[in-house]
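Heads up, the thing below is written out as structure tokens.
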Amino acid sequence: MAFFYSTYRTILFVMNTSIKKLAVYTSGGDAPGMNAAIRSVVRSSIEQNIEVIGIFRGYLGMVDGDMTSLQTSSVANILQRGGTILKSGRSKEFLRPEVRKIAFEHLQKAAIDALVCIGGDGSLRGAIAMHREFGIPVVGVPGTIDNDIAGTDFTVGFDTAVNTALEAIDRIRDTAASHNRLFIVEVMGRDSGFIATWVGLAGGAEEVFIPENPTSVDQAIQRIQRGMARGKTSSILIAAEGQKPGRAYDLAENIRKKAGFEAKVCILGHIQRGGHPTAADRVLASQLGSAAIRVLLQGQKDVMVGVQNQKVVYEPLENCLNQKKLVHQNLLSLIDTLSK
Ligand code: F6P
């Protein structure tokens, strides 16, 4: 179920004004544009006379009661900054109900009526648990460079990460061409191949290795040989990191053993998480931060805001997290077609 922006405008007349104070936090891997989302949440809330508390370090800070009051001026000059002024964190402890209870007690003590969680899959699961166990309304803003959240076409940070990786790949192409070399560039994406697919297509790669699609080394070798047969002297393969960084070295070794090609490896790593957010990410984050406040005021209690077909929408958080968002097969086929 998805409601478009025009729908909430009418629903605004039945605003749930019981929300006086909300808390916003960023959680999981940081993503460029998170600051823009925080700014939007804070300023949209203040406009509706809602007080805003910022929780530091995601769930780590929620459990420690590490929070501060945010004003309009607290979020000045952050729109263009990468990272997150609220800091972020990953908390295994938060998987335990008794730890979540401690977090809720801190929220109660601070008289917080609702939560806005800016983060990826694991972070949004934490938000659902808080709603289910304590009834507190939660809204998710999808923020992760991985773009692996269903219910939204794009997550905050993805566009910037793709452009950062692409800039690196363009540079690698220069040196690859100068030396007639094969490169394997490893990009982020533990469980998801969105970054790899987009930079593979935009960067003119021969092949992408992504967690969702078992690509064989043999196929990659065939594509390299196909290029060589038509006079190509350098090639780039893109690999999503998979469960741990460094997978590209195994691929290089496999290719060397099977075909005798020496490949240079370049792991882009956390470079992709930093830097100024692109215009697209700033706009998306600003739209979603504001939409989060509007849906809370409509009385929604466990939804995620997102963008679908260029419209701002919301859907139950559970639906978003229970679906697997798939990399478009047509992009993968296009990579093959265009690298011929
Ligand atoms: O936030 C998503 C992500 O950047 C993934 O692409 C990557 O696999 C993972 O986080 C790395 O996490 P960490 O920074 O905790 O090593």
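The trypsin sites (Lys or Arg not before Pro) of the stretch 163-211 that meet both conditions, a loop assignment by DSSP and at most 15 other Cβ atoms within 10 Å of the site Cβ, are 190. If the Kirkwood radius is taken over C-alpha pairs of the stretch 116-196, then at 20 °C and 1.002 mPa s the Stokes-Einstein diffusion coefficient equals 146 µm²/s. All alpha carbon pair distances within the chain were sorted into 10 Å bins beginning at 0; the resulting P(r) in whole percents reads 6, 26, 30, 19, 12, 6, 1. Relative to the dominant Cα principal axis of the chain, helix 121-134 is inclined by about 20°. The C-alpha atoms of the chain define a longest principal axis, and helix 247-259 lies at about 20 degrees to it.
Surface composition of the stretch 159-273: carbon and sulfur make up 48 percent of the accessible area, probe 1.4 Å.
Decide, for the stretch 190-251, between rounded, prolate and oblate: order the square roots of the alpha carbon gyration tensor eigenvalues as a ≥ b ≥ c, take rounded if a/c falls under 1.5, and otherwise choose prolate if a/b is larger than b/c, else oblate. Prolate, since a/c reaches 1.5 and a/b exceeds b/c.
Pull up the DSSP beta bridges for the stretch 159-273 and report the antiparallel fraction as a percent, rounded to 5. Don't jump to the answer; show the numbers that get you there.
Values: 1 of 15 bridges.
Among the beta bridges of the stretch 159-273, antiparallel pairing accounts for roughly 5 percent.
Pairs spanning more than 22 Å between alpha-carbon atoms, out of 92/325; 87/301; 21/101; 244/264: 92/325; 87/301.
Rounded to the nearest 10 degrees, the angle from helix 97-109 to the longest Cα principal axis of the chain is 50 degrees.
May I ask you to order 308-316, 286-294 by the average number of other C-beta atoms within 10 Å around their residues, highest value first? Each step should come with its number before you reach the end.
Numbers: 308-316: 16.7, 286-294: 24.8.
Ranking, from highest mean packing down: 286-294, 308-316.
Heavy-atom accessible area with a 1.4 Å probe sorts 69, 235, largest first, into 69, 235.
Taking only DSSP H segments of four or more residues, each worth -39500 (n - 2.57), what value at 222 nm results for the chain once the sum is divided by all its residues, to the nearest 500 deg cm²/dmol? Kindly include the intermediate steps, with their values, before the conclusion.
Numbers: 12 runs with 147 residues, N = 340.
That comes out to -13500 deg cm²/dmol.
For residue 207, the residues 5 or more places off, or on other chains, whose built amide H falls under 5 Å of its own are 238. Using only alpha carbons, the stretch 159-273 has a radius of gyration to Kirkwood radius ratio (Rg to Rh) of 0.93.
Nearest 5 percent is fine: what portion of the DSSP beta bridges confined to the chain is antiparallel?
Numbers: 11 of 45 bridges.
Antiparallel bridges: around 25 percent, rounded to the nearest 5.
The values are calculated or read from the model by the stated rules, or taken from the named source; none is laboratory data. Because the structure is predicted, anything quoted here is derived from the model rather than measured. All Cβ positions, even for glycine, are placed from backbone atoms using ideal geometry, and neighbour counts span all protein chains on display. To get the accessible areas, we keep the full protein, side chains included, count just its heavy atoms, and leave off ligands, DNA and RNA. Shrake-Rupley method; radii C 1.70, N 1.55, O 1.52, S 1.80 Å.
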